[in-house]
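Notes follow once the structure below has been shown.
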Amino acid sequence: MTRNIYIASPEGASGKSTIALGVTALLARTVGRVGIFRPVARVADGSDYVLRLLLGQDGTELDYEVCVGVTYEQVHDDAEAALATIVSRYHEVADRCDAVVIVGTDYTDVSGAAEFEFNGRIAANLGAPVVLVVHGRDRSPADVAHVVAQTRQELLQQHARPAAVIVNRCIRGQEDDVARALERFHCLGVLPEEPILSAPELGQLAEAVDGVLLSGDEALLARETRALIVGAMTVPNLLERLQDDAVIITPGDRADALLALVTAHVSEGFPSLSGIVLTGGIRPEDVVLRLLEGLGTALPIILAPYGTIETATRCAATRGRLTGDNQLKVDTALNLFERHVDTEALARVLDVARTDVVTPLMFEYDLLQQARAADRHIVLPEGNDDRILRAASTLLTRGVVRLTLLGDEAAIRTRAGELGVDVASAQVISPGDPRFVEPFAKRYLELRRHKGVTPDAAHDAVQDVSCFGTLMVLEGMADGMVSGAAHTTAHTITPALQLIRTAPGVSLVSSVFFMCLADRVLVYGDCAINPDPTAEQLAEIAISSAATARQFSIEPRVAMLSWSTGASGHGQDVEKVREATRRVRERCPELVVDGPMQYDAAVDPGVGRAKAPGSDVAGHATVLVFPDLNTGNNTYKAVQRSANAVAVGPVLQGLRQPVNDLSRGATVKDIVNTVAITAVQSAATSPEAGL
């Protein structure tokens, strides 16, 4: 039977989409196939932003059109017929999913009382328990309790089953009082007001004032605006009142204010603005626009046809939305939900238990949870890369790690502001900062003098971002390093090999990929570092790969791969694998390992029983060790592309402290996952872990 949950609110602007996003994420990492259903959509043409938001999340794979019940127009024409259509279309979704998140209406059309009543009728007819979402904005705890009591009664009158209450947009500092006031109503969470979620994007403001982009980068219209300032005063007074992420509204004929604002935006020590709106339809003189162009800023400048008062009024009335293309808002919403909602109790309301299947999404979620619990500090040397900044924003907003970015602080923070990402809590260090260069050069010289390194060479070497980041790890200023988005593998790992070196009892640095298939996660090693390992090296790769698997809650069953299974084949290649298997058993008798073994025998139970009867590994391998880099690298890429698997890695293993390399084609998600892996590795190899 498909589980379902109906998320309803008795009012608009409750932040229901934040709760729906959190519930969708919870189900996607628990049950697998998650459906989204919108009983009444604003329109059926694909523009319902809440539905788009939820369908854009991992774990939801339905098309927009399938997930829409009816439109408001259909409800107006014949409510009973519309209800019948909703029930029919819901079951089409439910038949294809393990669980369905049903998102109620948004109070953009009919009267609130009638609309909430209709939500109750829908929930009753779909047999869906209701999570009631109310807002606490400008309400006392007693006021919130009154709203909840009244609306629960209305749901019961429609024969719907109110199962839980979540309060959103609560006045900060009142969360505990509100929770106590709602104890009898099964309140599962109280989320404080988070201004960024209701902050409009600059593009929304431009649309609200019928504005046109006069100059600047159109991509920056997606940046949030956190303050509106009317710039009608003199320039010195205006400059004193600037704020980060503010939009300044000023008359179009104020060339003095316009030039001062743009100059301040690009100057160190002044706030980074979101944009400027010029009013009155007055276009600045061409000579002024040429001067602005010469300043080289991407700051959007918008020309509005209305006067200053009307422009400011329209902007102030514009409320931001939680949309799928705004990653900062998505990250903020998920972090709020995870911190303030009792997800275990909510899972009981949903009556779902986690399956034995491990999907890529489940693995990634567990990875972030492990990293968050580890509370590690990671250095990212490529702080001037946009992907790094976006990943850093996600990691910091969701509280996964603490970060240091390397690079020029003013440039990094300016670019982060332009991208609309939040890296305010990250430490930023220049690799040329003399406070660090001198002691780092001294340490580098100590470690590399035997290789003929001179003081001048050491001084130059440590100012390279990879070397600087590696020394931060070595000196305990960071717990791990992730680089490679803009540098080669050699550039990233050579300083680690020279300075951090291998862990005790390990003579070889190797790598693994976590291959996230549709229903499980396998560990592939070594697919990135060692071209043609000897039997001894292959044994060490196997032992290191098994240890890495354990760090990430994967019980290692190691298959030593070859073109032959068991004793059926002979030759130098097979003998190398056979000898490596013997060495692994000798060094780690507790480890479950078998080989040589073909890939199909390792992962397919039927083939495993036929080719290797009695083997504890055959058909159930979780760690697959390839005989050489040629085989491993090609196999991981073939599986990644052909099976649509998510390949996380390469993850380096064998170092005293973790350093990991990124592909130069790494996505933001790749960077987030690799940083989380590095944090977990650091926790596993730290002194308190006993390693």
Expected 222 nm ellipticity per residue - DSSP helices of 4 or more, -39500 (n - 2.57), all of the chain, to 500: -13500 deg cm²/dmol
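Could you size up the charge dipole of region 207-288 around its Cα centre, putting +1 on the beta carbon of Lys and Arg and -1 on that of Asp and Glu, and report it in debye to the nearest 20?
On the way: 5 positive and 13 negative charges, 42 e Å.
In total the dipole reaches around 200 debye.
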Please report how far the C-alpha centroid of region 446-479 lies from that of region 29-71, rounded to the nearest whole angstrom. 52 Å
Phi-based couplings in Hz for region 23-28 (Karplus 6.51, -1.76, 1.60; Gly and Pro marked x): 5, 4, 5, 4, 5, 4
Heads up, I need the accessible area for His186: 1.4 angstrom probe, whole protein in place, Å², nearest 10. 90 Å²
Put +1 on the Cβ of every Lys and Arg and -1 on every Asp and Glu Cβ in the chain; which of Cys527, Pro431, Leu239 then has its Cα farthest towards the positive end of the dipole? Cys527
Under the rule a/c < 1.5 gives rounded, and otherwise a/b versus b/c splits prolate from oblate, where does region 401-448 land using the Cα gyration tensor? prolate
Over the chain, calculate the relative contact order: mean separation of alpha carbon pairs under 8 Å at least 6 apart, over the residue count, as a percent. 11 percent
Hey, if you put +1 on the Cβ of every Lys and Arg and -1 on every Asp and Glu Cβ in the chain, which of Val277, Asn168, Ser568 ends up farthest toward the positive end of that dipole? Ser568
In the chain, what percent of the accessible surface is made up of carbon and sulfur (1.4 Å probe, ligands and nucleic acids excluded)? 49 percent
Given a 1.4 Å probe, the accessible area of the chain per residue, as a whole number of Å², is 41 Å²
At a 10 angstrom cut-off on C-beta neighbours, averaged per residue, how do the peptides 673-679, 493-499 rank from highest to lowest? 673-679, 493-499
Amide proton proximity set for Gly69, modelled H, under 5 Å, gap of 5+: Arg38, Val40, Ala41
Which order do Arg435, Arg89 take by accessible area at a 1.4 Å probe, largest first? Arg435, Arg89
Restricting the count to DSSP beta bridges whose residues both fall in the chain, what percent are antiparallel, rounded to a multiple of 5? 20 percent
Out of every Cα pair in the chain, what percent are spaced more than 42 Å from each other? 39 percent
Using 0.36 nm per residue, how much length does the chain from Ile282 to Leu259 gain when fully extended, once their Cα-Cα distance is taken away? 6.8 nm
Karplus-derived HN-Hα couplings along region 270-277 (A = 6.51, B = -1.76, C = 1.60, θ = phi - 60°), whole Hz, x at Gly and Pro: 10, x, 8, 8, 7, x, 10, 10
For region 368-459, just run the numbers: alpha carbon Rg, then divide by 2.2 N^0.38 Å, N being how many residues it has. 1.31
Taking amide H atoms as placed 1.01 Å from N in the peptide plane, list the residues 5 or more away in sequence, or in a different chain, whose amide H sits under 5 Å from that of Gly595. Met560
Rank Lys611, Lys16, Lys576 by accessible area, highest first, at a 1.4 Å probe radius? Lys611, Lys576, Lys16
Give me the dipole magnitude in Debye, nearest 20, for the chain about the Cα centre, with unit charges on the beta carbon: positive for Lys and Arg, negative for Asp and Glu. 1560 debye
By average C-beta atoms within 10 angstrom, highest first, the peptides 407-415, 507-515: 507-515, 407-415
Starting at the first residue of region 614-619, write each ³J(HN,Hα) from the Karplus equation 6.51 cos²θ - 1.76 cosθ + 1.60 with θ = phi - 60°, in whole Hz, x for Gly and Pro. x, 6, 7, 9, 3, x
Rg/Rh for region 506-604: what does it come to with C-alpha atoms and Rh from Kirkwood? 0.94
If you take the C-alpha gyration tensor of region 235-281, multiply each eigenvalue by 5 and take the square root, what semi-axes do you get, largest first, in whole Å? 17, 11, 9
Could you calculate the contour length gain from Ala298 to Ser553, that is, 0.36 nm times the residue separation minus the distance between their Cα atoms, to one decimal place in nm? 87.2 nm
Which value, in Å² and to the nearest 10, is the accessible area of Arg585 when all protein chains are kept and the probe is 1.4 Å? 110 Å²
May I ask you to rank His491, His570 by accessible area, largest first, using a 1.4 Å probe over the protein chains only? His570, His491
Spelling it out for Met481: with amide H atoms placed in the peptide plane at 1.01 Å from N, the residues 5 or more places away or on another chain with amide H under 5 Å from its amide H are Val379, Val659, Asn660
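The values are calculated or read from the model by the stated rules, or taken from the named source; none is laboratory data. Everything numeric in this text was worked out from a predicted model, so none of it was measured. Using ideal geometry, Cβ is built from the backbone for each residue, glycine included, and neighbour counts are taken over all protein chains shown. Surface areas here come from the heavy atoms of the whole protein model, side chains and all, with no ligands, DNA or RNA. Shrake-Rupley method; radii C 1.70, N 1.55, O 1.52, S 1.80 Å.
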